[in-house]
Structures are given as structure tokens and as C-alpha cells.
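For reference, the structure discussed in these notes is given below.
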């Protein structure tokens with residue numbers, strides 16, 4: 001797996017999410033931005049397990065992505081975040097990202113990985129990024145691919 005390609009393609013998949021009516025478009029990037037234009041989705045840290053199959057046949061990685069929403073109005077910001085964290089539907093990041101798995105038998109992320117799965121949401125809380133507070137959460141995305 002080429003990690004930079006995987007990061008960029010996860011962000012591209014996330015950009016297909018449909019935002020709630022009246023909410024700004026979701027800004028998506030494969031890397032941690034210096035400054036956030038909310039709402040924002042970005043791929044942050046990742047952990048890798050090498051050699052999951054004999055002779056470098058497969059690696060697996062857990063990518064931590066964050067979604068941050070501005071807090072001009074605390075309730076509406078949390079409602080937008082809740083919508084993005086739904087398990088299904090056009091406004092679901094899980095649905096948008098997992099659509100990049102491809103059809104059965106196809107490689108995921110346009111050939112950058114064998115498969116992926118959004119495992120969980122964690123850390124629903126206030127985040128500070130470059131001195132500004134946002135309500136946000138983390139998505140853990142499990143990706144497997146060639147070693």
C-alpha cells in the first residue's frame with residue numbers, strides 16, 4: 001500500500017457525502033491541515049501492521065480520520081456532526097467512504113487497497129485545532145492491501 005495514495009482516496013470518497021440542508025460543503029483532505037475551514041474531514045494518524053500474509057503478501061492499517069464542525073451554534077453543529085456520523089444514508093461518512101470499496105472482486109480505493117471498512121467512531125468531543133475550538137469526532141478506517 002502507498003499510504004499517501006490511500007489517504008488521498010479516503011478523503012476523495014468522504015467528499016461524496018451529502019451535507020444537511022443549509023450546511024456548508026464538507027472540506028476533505030488526506031492530510032492534517034494547518035488551518036480548518038469547517039466543516040472539515042481529514043485523515044490524520046495511522047497505525048500499520050506489516051506482514052499479515054506470508055512473504056509481504058498483505059499489510060493492514062488503521063487510519064484515524066477526524067471530522068470537525070464549527071460551533072457558531074452548539075446545537076446545530078452537533079446535529080450536523082450527528083448526521084455525518086450516521087451509519088447509513090447519503091449524509092453518512094461511513095456510507096460515502098465504504099462506497100470506495102468497489103464492486104465485488106474489485107480493488108478498493110481505485111486500486112490503492114484490497115479492501116476497507118469504517119470500524120468505529122470515537123472521541124466525540126470538543127477539539128482545538130490551531131487555536132480554534134470545534135465539535136468533532138474520529139473515524140477509524142481499517143484498510144488492507146499488498147505489502
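The values are calculated or read from the model by the stated rules, or taken from the named source; none is laboratory data. Values in this document were obtained by computation on a predicted structure and should not be read as measured data. Positions of Cβ are backbone-derived with ideal geometry, glycine not excepted, and every protein chain shown enters the neighbour counts.
Which one of these does residue 80 not meet: (1) part of a strand (DSSP E or B); (2) over 20 Å from residue 31 (Cα atoms)?
(1)
Any chance you could count how many residues in the stretch 96-126 are at pLDDT 95 or above, out of contact with any strand residue (DSSP E or B) (no Cβ under 9 Å at 6 or more places or on another chain) and surrounded by fewer than 19 Cβ atoms within 10 Å (Cβ to Cβ)?
3
Tell me which of these residue 110 doesn't satisfy, since it passes every other one: (1) assigned to a strand (DSSP E or B); (2) more than 14 Å from the chain's Cα centre (by Cα).
(1)
Residue 86 - would you say it is without any contact (Cβ under 8 Å) to a residue 40 or more places away in the chain and either part of a loop (DSSP other than H, G, I, E, B) or under 16 Å from residue 115 (Cα atoms) (or both)? Show your work before the answer.
Numbers: without any contact (Cβ under 8 Å) to a residue 40 or more places away in the chain: yes; either part of a loop (DSSP other than H, G, I, E, B) or under 16 Å from residue 115 (Cα atoms) (or both): yes.
It is true that residue 86 is without any contact (Cβ under 8 Å) to a residue 40 or more places away in the chain and either part of a loop (DSSP other than H, G, I, E, B) or under 16 Å from residue 115 (Cα atoms) (or both).
Is the stretch 14-37 home to any residue that is within 12 Å of the chain's Cα centre (by Cα), buried (at least 22 other Cβ atoms within 10 Å of the Cβ) and under 12 Å from residue 63 (Cβ atoms)?
yes
Under 6 Å between Cβ atoms, at least 6 apart or on separate chains: pull out the pairs that start in the stretch 47-59 with a residue that is within 17 Å of residue 7 (Cβ to Cβ) and end on any residue that is exposed (fewer than 12 other Cβ atoms within 10 Å of the Cβ).
Here the result reads 59/50, each pair linking the stretch 47-59 to a residue that is exposed (fewer than 12 other Cβ atoms within 10 Å of the Cβ).
Of everything in the stretch 1-11, what is surrounded by 17 or more Cβ atoms within 10 Å (Cβ to Cβ) and in contact with a helix residue (DSSP H, G or I) (Cβ under 8 Å, 6 or more places away or on another chain)? Give them in sequence order. I'd like the intermediate steps shown before the answer.
Step one: filter the stretch 1-11 for residues surrounded by 17 or more Cβ atoms within 10 Å (Cβ to Cβ), giving 1, 3, 6-11.
Correct list: 6, 9, 10.
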